[in-house]
Amino acid sequence: MTVNMIKNAYKYLLLAIATVVLACQISVSNALAAEIPVELRTVQLNDKEKTVLATKDILAGKKLFAAACANCHVGGATFTNPNVGLDPETLSLATPPRNTIAGLVDYMKNPTTYDGVEEIYETHPSLRSTDIFPSMRGLTDDKLKSIAGYMLYAPGVKGAGWGGGKVYY
């Protein structure tokens, strides 16, 4: 065998391996995504209604959360105040309550302190502070709903670890 033949064989081997790995990732992620039970995908839309999240919205919300929120909210905890996590109970006790998609979207547009007394858009990323927090640029209402949906979906999958802070992370 010549050196060129060995190089060509090596290239084809690498291409075959890459193709198999890519095919496995595509089939596994789709298979896992299709298996998410309806109960886990059902979250509170507002005070009166629930909604069933589409798998694509959960996956999009997870990616958007990682890009815009996870720097300070790894695993649903809050870096700046570990006593206030993103778990359902804590979100429900905020003023106004933030345990619905509508409540979380409102917060991402106009953030306030946990007691609802002061606006904090200059210190917390929001659509009002995209000049200070570029990660919020380009987030449409649909994208905010995907983030909120993921935040409400995550506790059902991750359990007490979501929002649990240092105990879990």
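Where a number appears in this text, it was derived from the coordinates with a stated rule and is not lab data. All values derive from a computational prediction rather than experimental measurement.
Overview of values
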item: Pairs of lysine residues in segment 51-169 - Cα separation under 20 Å, sequence separation of 8 or more or cross-chain; result: 15
item: Counting all C-alpha pairs of segment 38-167, share separated by more than 23 Å (%); result: 24
